[in-house]
1. Rounded to whole Å, give me the distance from the Cα center of segment 145-172 to that of segment 8-53.
2. Counting only heavy atoms of protein chains, what accessible area per residue, in Å², does segment 1-64 have with a probe of 1.4 Å?
3. Just Phe141, Phe126, Phe155 to compare: in a GNM of the chain, with alpha carbon springs under 10 Å, which one fluctuates most?
4. Which one of Gly154, Gly99, Gly28 has the biggest mean-square fluctuation once the chain is modelled by GNM with Cα springs under 10 Å?
5. List the residues, sorted by chain then number, that are 5 or more residues from Gly10 or on another chain and whose placed amide H is less than 5 Å from its amide H.
6. Determine the dipole magnitude for segment 11-126: charges of +1 sit on the beta-carbon of Lys and Arg, -1 on that of Asp and Glu, nothing else is charged, the reference point is the Cα centre, and the result goes in debye to the nearest 20.
7. Ignoring ligands, DNA and RNA, what percent of the 1.4 Å accessible area of segment 18-85 is carbon and sulfur?
8. Using only the alpha-carbon atoms, what does the chain span along each of its principal axes? Please give whole angstrom values in decreasing order.
Amino acid sequence: TEADAGPDKGVCGTSTTLEGNTPTVGMGTWTQLSGPTIATFVDENLATTTVENLLVNTTYFFIWTIENGGCEPSRDTVGIATSSQPELADAGDDIGICGASSTTLAANVVADGYWTVISGPNTPSFSDNTSPTATISNLVFGTYILQWNSRAGGFCPIETDQMELEVVPSAN
């Protein structure tokens, strides 16, 4: 059987499933061609198996080899690029302000975070949208939904948390 190791892919985290073809004749074996650490196969003879102990933000190459007695073995290589998971995002408590057009936000510190406005009566300004304690200004009467985003490697989804900011006018 002609070996097919499956498509190259990017994964989030330290393990993934390798997806080789199942031999109709012969036996298949997974081996590691390259990578910064020695990976572990759950079962190196299964066409579809999990590979673990991958180092994040690196690339590994694995070979799927199908052999049948004295015949020339068939080999195919697959590349697996890994990325790290983002830190947990915490936008902080909801805020209510009265008679003011700005306030300071209080999100948690993450390695790569940024603020976005999900909804609101206008488009406010951030002193620095990558700061967890940014000052948000140009606020008007109404309710804003703000989101603190934490990102990491390119193959991982962004971790998010939202908070509500309610602006009310001063009593007159």
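The values are calculated or read from the model by the stated rules, or taken from the named source; none is laboratory data. No experiment lies behind these values; they were computed from the predicted model shown. Virtual Cβ from ideal backbone geometry, glycine too; neighbours counted across all protein chains shown. The protein model used for the area step is the full one, side chains on, heavy atoms only, and it has no ligands, DNA or RNA in it. Shrake-Rupley method; radii C 1.70, N 1.55, O 1.52, S 1.80 Å.
1. A separation of 39 Å, based on Cα centres.
2. Numbers: 3370 Å² over 64 residues.
With the other protein chains kept in place, segment 1-64 gives 53 Å² per residue.
3. Phe141
4. Comparing Gly154, Gly99, Gly28 in a Gaussian network model of the chain, the most mobile one is Gly99.
5. Ala81
6. Values: 1 positive and 12 negative charges, 43 e Å.
Charge dipole of segment 11-126: 200 debye, to the nearest 20.
7. Details: 1860 of 3580 Å².
Looking at segment 18-85 in its full context, I get 52 percent from C and S.
8. Each principal axis gives a Cα extent; for the chain these are 93, 27, 20 Å.
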